[in-house]
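The values are calculated or read from the model by the stated rules, or taken from the named source; none is laboratory data. These numbers were taken from a predicted model, which means no experiment stands behind them. Please note: Cβ atoms are built from the backbone with ideal geometry, for glycine as well, and neighbour counts cover all protein chains shown. We work out accessible area using only protein heavy atoms, side chains counted, and drop any ligands, DNA or RNA first. Shrake-Rupley method; radii C 1.70, N 1.55, O 1.52, S 1.80 Å.
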Amino acid sequence: MFDLDLHLHSSESDGTLSPSKLISKCVENGLKVVALTDHDTLNGINEAHDQVKQSGKIELIPGIEISCNLNGSEIHILGLFTSLRDSRLREYCDRARKNRLSRSKKIVQRLQKIGIEIEFEKVIDSAGTAVIGRPHIARAMVDAGYVKDTKEAFDLYLGTAHSAYYPSSTITPNDAIEMLIESNALPVLAHPLRSKIKSSRNPIENLTRLVSEFTDQGLAGIEVYYGDYTSGQIDKLRLIAEANDLIECGGSDFHNSGNPAEPQPGTIGPPMNTFYRLKDRLR
Ligand code: AMP
Ligand code: ZN
Ligand code: FE
Ligand code: FE
């Protein structure tokens, strides 16, 4: 098991564990430093902090995962060491929350058109106060018996290539990087390559060129040790990180999704040196 996991989701976005339960699980798994990186929200950070203080055994990096759109393709930028008080970041989160709600309604309508009769009200109810995402819709599809699990919902209906898909993002990677830097957070490029368990997701095209552009704009790190990446994928990403002098980040991207193949917190991650490099870069 690893000491550092820089990519985790709670029930404030599309994970299923509350921030405090997530932290407890990370402590159980022996992690020393973790980042909570919910999609487009900072709402889980305070609860996670309280649990961290109680346990006394783990350190929390406040984070976020920003869904970006570049010419129609989806790119995720993580922000590490985010400030809860930055007004621009907070405004972005408010806007993204509203946008995700109307977008999920569009996705549900598209599903209804192809005969998948799930109710939007039920999807919102199940999301509660969370920032809504496709996994909430996927769970409603499982509950209504249309698919056997959420992975099947993505593979058959919700993946980027399917007719019910509708993008969530309102911001380009450049703008996200700039916003994060302005708020004194460190931008990190998330999951640059294809992952087996999230098979419905497209890999980033022109990765080498894009990474060098993002680096010029201030990207600080790139996910190298991610989720279910193979050693071949990790080697490739290490070379890209080295060539651009980016900090090698990564983590499980744990959502407690119920998929038995999902990497657990601490089963993959960067070396502890990454944490020291990130802290150095913050200064
Ligand atoms: P959204 O932010 O609404 O676009 O949804 C993206 C989220 O859906 C990701 O962060 C994952 O949690 C989840 N996801 C994406 N692809 C898959 C997949 N193939 N199987 C299960 N969950 C997925
Ligand atoms: Zn997610
Ligand atoms: Fe992501
Ligand atoms: Fe994620």
- In the range 121-137, residue nearest to the chain's Cα centre (by Cα) [restricted to those that are free of Cβ contacts under 8 Å to residues at least 24 places away in the same chain and crowded, with 18+ Cβ neighbours inside 10 Å]: 127
- Just give me the residues in the range 93-135 being of a type in the set (A, V, I, L, M) and either more than 26 Å from residue 197 (Cα to Cα) or more than 16 Å from ligand 1 (Cβ to nearest atom) (or both), in sequence order. 114, 116
- What do you reckon, is residue 52 in a helix (DSSP H, G or I) and away from ligand 4 (no atom under 16 Å from the Cβ)? yes
- Query: Does residue 48 satisfy the condition of being away from ligand 3 (no atom under 16 Å from the Cβ), over 18 Å from residue 94 (Cα atoms) and open to solvent by less than 30 Å² (accessible area, probe 1.4 Å)?
  - Reply: yes
- Item | Every residue from the range 138-161 that is open to solvent by less than 40 Å² (accessible area, probe 1.4 Å) and of a type in the set (Gly, Ala, Ser) | 138, 140, 153, 159
- Note on the structure: Selection from the range 6-30 of residues touching a helix residue (DSSP H, G or I) at 6+ places or on another chain (Cβ under 9 Å), part of a loop (DSSP other than H, G, I, E, B) and away from ligand 2 (no atom under 15 Å from the Cβ) yields 18
- When the residues of the range 162-182 are filtered to those that are β-branched (Val, Ile, Thr) and part of a helix (DSSP H, G or I), which remaining residue is least open to solvent (accessible area, probe 1.4 Å)? 177
- Message: Looking at the range 231-263 only, could you name the residues that are open to solvent by 40 Å² or more (accessible area, probe 1.4 Å), more than 16 Å from ligand 2 (Cβ to nearest atom) and small (Gly, Ala, Ser)?
- Response: 231, 232, 243
- Among residues belonging to the range 183-198 that are in a loop (DSSP other than H, G, I, E, B) and within 15 Å of ligand 4 (Cβ to nearest atom), point out the one that is most open to solvent (accessible area, probe 1.4 Å). 194
- Item | Index of the failed condition, residue 65 passing every other in (1) among the acidic types (Asp, Glu); (2) away from ligand 1 (no atom under 14 Å from the Cβ); (3) open to solvent by less than 10 Å² (accessible area, probe 1.4 Å) | (2)
- Task: Kindly provide the set of residues from the range 15-38 that are surrounded by 24 or more Cβ atoms within 10 Å (Cβ to Cβ) and over 16 Å from residue 50 (Cα atoms), ordered by number.
- Result: 15, 31, 37, 38
- Any chance residue 210 is surrounded by 14 or more Cβ atoms within 10 Å (Cβ to Cβ), more than 15 Å from the chain's Cα centre (by Cα) and assigned to a loop (DSSP other than H, G, I, E, B): no
- Restricting to the range 240-258, what's the tally of residues that are in a loop (DSSP other than H, G, I, E, B) and either within 16 Å of ligand 3 (Cβ to nearest atom) or of a type in the set (Asp, Glu) (or both)? 6
- Task: Quick one: residue 233 ticks every box in (1) touching a residue at least 40 places away in the same chain (Cβ under 8 Å); (2) within 15 Å of ligand 4 (Cβ to nearest atom) except a single one, so which number is it?
- Result: (2)
